[in-house]
1. Classify the range 194-276 as rounded, prolate or oblate, taking a ≥ b ≥ c as the square roots of the eigenvalues of its Cα gyration tensor: rounded when a/c is under 1.5, otherwise prolate if a/b is larger than b/c and oblate if not.
2. Please list, in chain and number order, the residues 5+ apart from VAL199 or on another chain whose amide H is under 5 Å from its amide H, with Hs placed from the backbone.
3. Just want the answer: with Cβ charges of +1 for Lys and Arg and -1 for Asp and Glu, which residue in LEU134, LEU148, THR162 is farthest toward the dipole's positive end in the range 132-184?
4. If the chain between ARG105 and GLU142 were fully stretched, how many nm would it gain, using 0.36 nm times the residue separation less the Cα-Cα distance?
5. Residue-wise, which Karplus ³J(HN,Hα) couplings in Hz belong to the range 257-264, taking 6.51 cos²θ - 1.76 cosθ + 1.60, θ = phi - 60°, and x for glycine or proline?
6. Once you order the gyration tensor axes a ≥ b ≥ c over the Cα atoms, which shape class does the range 101-225 get: rounded for a/c under 1.5, otherwise prolate or oblate by comparing a/b with b/c?
7. Rank by packing, highest mean first: peptides 127-133, 188-194, with packing defined as the count of other Cβ atoms within 10 Å averaged across residues.
8. Taking amide H atoms as placed 1.01 Å from N in the peptide plane, list the residues 5 or more away in sequence, or in a different chain, whose amide H sits under 5 Å from that of LEU226.
Amino acid sequence: MSFTPRNLVRFGLAAALIGSTSLAACSGEGGEGEAAEGEAAAIGEAGESTSYAGEGEGEGAAYAGEGEGGEGEGGEAGHGMDTLPTENRLAFMRGHVEAGLALYRAGAPEQAAPHLLHPVSETHASEREGLDELGFDAPLFERISAALEAGTASSEIESDLTAAEENLAMLADKAGGSSKEILNFLMDTTLAEYRVGVVDGEIVNAGEFQDAYGFVTVAQDYAADLEGPEGEAVRTELDVLKAVWSGAPLADSTPAPVDQVAAQISRVQLELSAIR
């Protein structure tokens, strides 16, 4: 057969897929602490963009000081939010919000609350830097947090939940950036978080497992901007990845194996490589 640049890309990423699958399988051999170390290693090996992946929920944080909802303070590995471009910080925050909204709508407000703190708490203020100028609606997210705390059913404030998604989507349009680069960032972050969240086929860190869901959900929105058959191929593979979660990412879910998620993320990134 003849080898085109596309063929070569496929062979190279196929090798990466095999490597990531093997690494994911190994990451399931220890406890939560070992999984966290695996996340840090994956971040370091994957290149500059993935050095941001992960967040400080529980042990093994990749972001310094990015603890979430009392689940534990972040470690000192990786880079802080101040090193991320605005569009990536926004994508990161959007992922948390999408996870929180899905959980809230699924009737799990206590699980939703930590994720929905990202747009309002001082702990996560660095994520929001520069967003006010783009039109970030802080009072809207404060109302949602207050409703959560008051025990208000999601159905009673659905208009606010929808408005929150629309506000963040508007910010994404204004922040700009390369959809391809943002998508690669989200995929790298998804895998890093999932590896911490799931060990030996069990959810050991629900926050990270839920974050991964949120990042994939947001990725589907960014992928809508991709044109042509290449864009459609990315969206198809993202749909397969999203199906890893049968519904909202509840803490008592039965998770897919890490190697399955790693393999599917590699397929998404393989298709992304064809985007120009």
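1. Cα axes put the range 194-276 in the prolate bin.
2. Here VAL204 satisfy the definition.
3. Farthest towards the positive pole: LEU134.
4. Between ARG105 and GLU142, full extension yields 11.6 nm more.
5. With the stated coefficients, the range 257-264 comes to x, 4, 5, 5, 5, 4, 5, 6 Hz.
6. oblate
7. 188-194, 127-133
8. Correct list: empty.
None of the figures in this text is laboratory data; all of them are computed from the coordinates on show. Everything numeric here is computed off the predicted structure, so don't read it as measured data. Please note: Cβ atoms are built from the backbone with ideal geometry, for glycine as well, and neighbour counts cover all protein chains shown.
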